[in-house]
Amino acid sequence: MTPRIIAANLVVRLRSFSREKSAMFFTVAFPVILVLVFGAIFTKPEHMNFELPVQDLDQSDASAKLVKGLASQGVFETIPVPADADAIQYTRDHKINLLLIIPKGFEDMQLRRLEEWDDDASVTLTYIYDPSSTSLKTKLQFLNAMAAAANQEISGTSPFITLKEQSILAKKYRFIEFFVPGIIAMAVMTSSLSGALNTNAELRQKGILRKLATTPITRTDWLLSNVLYQIVLAVISTVSILLVSYAVFDVRLEINAWLPVYVVLEVFAFVGIGMLLTPIAREAESAAAAGNAFLFPMMFLSGTFFPVEMMPGFLQKFARILPLYYLNEGLRASMIFVDNTTALRCAAITAAVAGVVFVAGALVTRWDQGA
Amino acid sequence: MTHSDDNAITVEGLTKHYGDLRAVNDVSFTVRRGEVFAFLGPNGAGKTTTVEIIETIRTPTSGRVNVLGMDVTKQKRDIVPRIGVLPQGFSSYDRITVRESILYYRRLFGCSTTDVDALIDLTNLGDKRDVQFNKLSGGLKQRLGIAIALVNDPEVVFLDEPTTGLDPHARRAVWDVLLGLKRKGKTVFLTTHYMEEAELLADTVAIISKGKLVAMGSPEDLIERNANYMCLTLRSAEAGVLDTVRRLGFEPVRDDRNNIRVRVKQTDDVEAILSGVKGAGLALPGMDVRKPNLEEVFLGLTGEVLHESAPVSGATP
């Protein structure tokens with residue numbers, strides 16, 4: 001191992017990187033854009049606000065109070081529908097998926113029940129809906145809950161069962177906070193794997209490896225300078241992702257010593273896997289294809305974008321054999337839940353995988369012409 | 001063969017198989033220190049395989065190869081710092097400039113005293129020093145490759161087809177650089193399929209065909225030994241000339257420019273033909289007698305054309 005040679009390689013690679021706009025894009029801009037886009041999409045439900053058109057046929061004080069009550073929860077923003085409109089036609093014409101009708105006689109029934117103690121007095125609120133709408137189910141849940149609360153209140157007794165939430169997690173987290181560690185793991189995986197795979201194939205194709213084989217650089221120098229280069233790229237993309245997440249979404253994440261540990265382990269693991277794939281993908285084009293064939297299933301099945309628990313059972317089992325799963329779990333354990341036991345367990349598994357694939361990858365790497 | 005200090009390279013019984021293909025078959029030769037040695041052969045003859053074995057980046061199937069007295073299979077680490085290589089189709093990092101590329105290889109070799117600007121001047125890259133590799137033309141890339149091959153002030157320089165794919169002007173510019181190396185007394189191992197290149201630059205030419213060495217010597221030697229005849233060309237359109245020469249016992253042929261070509265052994269033959277034609281009262285607007293060139297020698301030895309653009313008409317009997 002010669003530090004002078006490793007440094008020379010690192011400098012030339014970083015210099016190439018800084019002058020290559022597409023490399024800059026995929027390392028820095030792409031993960032940042034993912035954070036921005038997914039963050040923007042999934043942050044919305046936290047201030048959930050549905051429009052609810054209401055046709056009040058009763059036009060009484062009681063019905064007006066009900067409409068006000070619907071809006072007071074902050075879930076619905078009620079929109080008055082003219083009493084003389086045909087509800088179904090109105091729903092179609094205005095392309096809405098849920099319309100609530102308060103029937104005529106609502107106030108009378110309410111008075112009979114409350115003042116005259118008439119238990120037979122009841123009202124039926126009709127809703128017109130479009131069953132193909134995806135948000136319908138959520139809206140109906142809120143409506144049902146409101147109706148149940150109103151019924152219970154009108155009966156005059158205090159509720160027997162109430163629910164109080166207590167999370168098993170030390171703290172509550174938002175989707176974006178779940179998402180950021182996943183994106184870090186994904187970005188580091190992508191740049192390390194494709195870096196190891198494409199660079200080697202490209203340098204071989206261009207004949208640079210053949211020239212390097214006639215210089216004093218050894219296999220160890222070569223591998224170490226590649227890993228160092230990938231670590232620098234991983235740090236650049238991790239820092240960009242975190243900066244944007246803090247600046248735009250004001251995330252609350254724990255940044256502790258686990259983060260650099262995971263980044264370094266992940267680089268070794270995926271550079272190793274890249275080196276293992278290199279012999280089967282010698283041309284630069286097939287290298288890119290082989291890399292993608294590996295990266296995409298890994299990304300979607302390891303809990304990068306959504307929790308693994310959302311997948312069917314057999315896929316959850318499958319996820320547990322993917323290295324990225326442990327990186328996602330471990331990074332979330334350290335960055336969100338500050339769960340050192342899980343972080344340690346996942347780091348140990350990742351380290352073992354990284355060690356095996358890196359050594360195997362180093363052994364199959366023929367960076368010179370070989371026999 | 002000897003291992004004397006005069007020899008920069010000694011190759012003995014070198015054989016290299018790729019599966020069933022015998023790329024190099026029992027090749028032996030020596031390269032003296034300070035000479036320009038041209039390894040000449042058509043594509044696929046085994047030139048690059050041989051040179052890459054000598055450069056220590058391929059291993060031989062059998063045979064012995066010594067560079068500067070060291071065995072290529074056992075002393076790679078000692079050989080590499082003392083040789084410089086321009087690989088076939090040399091390439092470098094796209095976004096790195098001429099000067100940065102030379103500095104990079106200088107660091108790899110740990111030769112901090114090498115004068116980078118002198119190398120840039122030697123290869124006439126002065127006005128390109130800050131140009132990135134991917135912006136260089138083919139000839140400039142090759143010249144940069146030669147500059148890089150010299151960063152460690154090597155005792156032996158290997159140039160694998162340094163001018164292949166270059167236009168005549170760029171080829172001339174590379175030759176100028178190579179002549180400079182020759183003047184500096186470097187041992188140069190040159191592989192090429194351009195005959196002119198070998199004739200212009202080489203002290204010794206070795207001809208390889210289908211993995212076997214078929215001839216070796218100075219260009220003059222090779223011509224002398226392998227072509228003991230002269231080419232007489234008669235510029236005449238008259239049909240009678242052909243018959244007259246044939247009647248004199250020669251085998252004339254008409255080439256694509258309607259000239260008549262005759263192979264003759266000695267100057268007496270030329271006189272006989274000229275007086276024969278004159279005696280028959282036929283017009284003879286012009287004539288030319290010359291020695292065959294290496295191209296013809298090569299064709300005669302191997303039955304192969306060196307490269308696609310090689311003129312074959314000169315080789316007609």
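Every number in this text was worked out from the coordinates using simple rules, so none of it is lab data. This is a predicted model, so every value here is computed, not measured. A quick note on method: Cβ atoms are made from the backbone with ideal geometry, for glycine too, and the neighbour counts reach across all protein chains shown.
Evaluate the charge dipole of chain B about its Cα centre and quote only its size in Debye, nearest 20, assuming +1 on the Cβ of each Lys and Arg and -1 on the Cβ of each Asp and Glu.
Numbers: 40 positive and 43 negative charges, 98 e Å.
About 480 debye.
Out of all Cα-Cα pairs in region A:272-334, roughly what percent, to the nearest whole number, are more than 20 Å apart?
Result for the distance tail: 36 percent.
Excluding residues on the same chain fewer than 8 positions from B:Lys278, give the aspartates and glutamates whose Cα lies under 18 Å from its Cα.
Candidates past the 8-residue exclusion: B:Glu238, B:Asp243, B:Asp268, B:Asp269, B:Asp288.
Starting with the fewest neighbours, write out B:Leu103, B:Leu144, B:Leu248 ranked by other beta-carbon atoms found within 10 Å of each beta-carbon.
Fewest-to-most ranking of B:Leu103, B:Leu144, B:Leu248: B:Leu248, B:Leu103, B:Leu144.
Grab the other residues whose beta carbon is less than 12 angstrom from that of A:Asp250, score K and R as +1, D and E as -1, and report the net.
+1
Past the 32 Å Cα-Cα mark, which pairs from A:Lys95/A:Lys164; A:Lys206/B:Lys128; A:Lys21/B:Lys184?
A:Lys95/A:Lys164; A:Lys21/B:Lys184
How far apart, in nm, are the 7 Å Cα→Cβ label points at A:Glu202 and A:Val364?
Those two pseudo-labels are separated by 2.2 nm.
Take the Cα pairs of chain A, get the Kirkwood Rh, then feed it into Stokes-Einstein at 10 °C and 1.306 mPa s and tell me D in µm²/s.
64
About the Cα centre, and with charges only on the beta carbon of Lys, Arg (+1) and Asp, Glu (-1), how big is the dipole of region B:84-243? Nearest 20 debye, please.
In total the dipole reaches around 580 debye.
Quick one: what are the phi-derived ³J(HN,Hα) couplings along region A:124-129, Karplus 6.51/-1.76/1.60 with θ = phi - 60°, whole Hz, x for glycine and proline?
Each residue of region A:124-129 in turn: 10, 8, 9, 10, 9, 9 Hz.
Rounded, prolate or oblate: which fits region A:45-167 when a ≥ b ≥ c are the square roots of the eigenvalues of the alpha-carbon gyration tensor, with rounded for a/c under 1.5 and prolate only if a/b beats b/c?
Oblate is the answer for region A:45-167, as a/c is 1.5 or above yet b/c matches or exceeds a/b.
Once you put a point 7 Å from the Cα of A:Ser133 and another 7 Å from the Cα of A:Ala148, both along the Cβ direction, what distance in nm separates them?
According to this spin-label approximation, the distance is 2.2 nm.
What FRET efficiency would be calculated for the residue pair A:Lys164, A:Glu254, taking the C-beta separation as r and a Förster radius of 30 Å, to the nearest 0.05? Show your work: numbers first, answer last.
On the way: r = 27 Å, r/R0 = 0.90.
Between A:Lys164 and A:Glu254 the formula returns 0.65.
Among A:Arg332, B:Arg257, which comes first, second and so on when ranked by fewest other beta-carbon atoms within 10 Å?
Ordered by Cβ neighbours within 10 Å, fewest first: B:Arg257, A:Arg332.
What list of whole percents do you get for P(r) of the protein assembly as shown, with Cα-Cα distances grouped in 10 Å bins up to the one holding the largest distance?
With a bin width of 10 Å, the distribution comes to 3, 11, 15, 14, 12, 11, 9, 7, 6, 5, 3, 2, 1, 0, 0, 0.
Distance between Cα centroids, region B:75-97 to region A:1-62: provide it in whole Å.
42
Consider just the alpha-carbon atoms of region A:175-364 and return their Rg together with their Dmax, both in angstrom.
In Å, with Rg to one decimal and Dmax whole: 17.0, 53.
Output the antiparallel fraction of DSSP beta bridges having both residues in chain A, as a percent to the nearest 5. Each step should come with its number before you reach the end.
Details: 4 of 13 bridges.
In chain A, DSSP labels about 30 percent of beta bridges as antiparallel.
Where both residues lie in the protein assembly as shown, what percent of DSSP beta bridges are antiparallel, nearest 5?
Within the protein assembly as shown, antiparallel bridges account for around 60 percent of the total.
In whole Å, what is the distance between the alpha-carbon centres of region A:192-267 and region B:5-73?
Here the answer is 39 Å between Cα centres.
Taking the Cβ-Cβ separation of A:Val235 and A:Ala40 as r and a Förster radius of 41 Å, what is the calculated FRET efficiency to the nearest 0.05?
That pair, A:Val235 with A:Ala40, gives E of 0.95.
What is the magnitude of the charge dipole of the protein assembly as shown about its Cα centre, with +1 placed on the Cβ of each Lys and Arg, -1 on the Cβ of each Asp and Glu, and no other charges, expressed in debye to the nearest 20?
With only Lys, Arg, Asp and Glu charged at Cβ, the dipole is about 2200 debye.
If neighbour count is taken as other Cβ atoms inside 10 Å, put A:Thr238, A:Thr124 in order from fewest to most.
Taking fewest neighbouring Cβ atoms as first place, the list is A:Thr124, A:Thr238.
Treating each Cα of chain B as an identical point scatterer and ignoring solvent, apply the Debye formula and state log10 I(q)/I(0) at q = 0.09, 0.13, 0.14, 0.15 Å⁻¹.
Values, matching the q order: -0.56, -0.94, -1.04, -1.14.
Which aspartates and glutamates have a Cα less than 20 Å from the Cα of B:Lys212, not counting those fewer than 8 places away in the same chain?
Within the straight-line cut-off, B:Lys212 pairs with B:Glu12, B:Asp20, B:Asp26, B:Glu52, B:Glu55, B:Asp160, B:Glu161, B:Asp221, B:Glu295, B:Glu296, B:Glu304.
Skipping prolines and chain starts, which residues have an amide H placed within reach, meaning under 5 Å, of the one on B:Val36, given they are 5 or more residues away or on another chain?
The list, which skips near neighbours in sequence, is B:Val188, B:Asp203, B:Thr204.
With the crude spin-label approximation of a point 7 Å out along Cα→Cβ, what separation in nm comes out for A:Leu140 versus A:Arg19?
6.3
How large is ³J(HN,Hα) for each residue in region B:181-196, as worked out from phi by the Karplus curve 6.51 cos²θ - 1.76 cosθ + 1.60 (θ = phi - 60°), to whole Hz, x for Gly and Pro?
With the stated coefficients, region B:181-196 comes to 5, 4, 4, 6, x, 6, 7, 10, 9, 10, 9, 7, 10, 9, 4, 4 Hz.
Of B:Ser62, A:Ala352, A:Thr162, which is farthest on the positive side of the dipole of the protein assembly as shown, counting Cα position, with +1 on Lys and Arg Cβ, -1 on Asp and Glu Cβ, and the Cα centre as origin?
With unit charges placed on the Cβ atoms, the residue in question is B:Ser62.
Taking the dipole about the Cα centre of region A:41-141, with the C-beta of Lys and Arg at +1 and of Asp and Glu at -1, give me whichever of A:Thr91, A:Phe106, A:Thr126 is farthest to the positive side.
A:Thr91
Considering the options A:Trp258, A:Gln230, A:Leu70, tell which one lies farthest towards the positive end of the dipole of chain A, charges being +1 on Lys and Arg and -1 on Asp and Glu at the Cβ, about the Cα centre.
Positive-end residue among those listed: A:Gln230.
Just add up the charged neighbours of A:Pro307: K/R +1, D/E -1, any other residue whose Cβ is under 13 Å from the Cβ of A:Pro307.
Around A:Pro307, the charge tally is -2.
Taking the DSSP beta bridges in region B:85-230 as the whole, what percent of them are antiparallel, to the nearest 5?
45
Using θ = phi - 60° and the Karplus curve 6.51 cos²θ - 1.76 cosθ + 1.60, what whole-Hz ³J(HN,Hα) does each residue of region A:80-85 get, with Gly and Pro shown as x?
For region A:80-85, the Karplus-derived couplings read x, 10, x, 5, 8, 6 Hz, x marking Gly and Pro.
How high is the FRET efficiency between B:Asn258 and B:Leu179 when r is their beta carbon distance and R₀ equals 41 Å, given to the nearest 0.05?
Working: r = 38 Å, r/R0 = 0.93.
So, using R0 = 41 Å, E works out to roughly 0.60.
Would you mind pulling out the separation of the Cα centroids of region A:146-166 and region B:180-232, in Å?
Region A:146-166 and region B:180-232 have Cα centres spaced 103 Å from each other.
Quick query: amide H of A:Phe50 versus all other amide H atoms, modeled in the peptide plane; which residues come in under 5 Å with a sequence gap of 5 or more or a different chain?
A:Phe76, A:Glu77
If amide H atoms are built 1.01 Å from N in the plane of the peptide, which residues on other chains or at least 5 residues away come under 5 Å of the amide H of B:Asn7?
The answer is B:Arg33.
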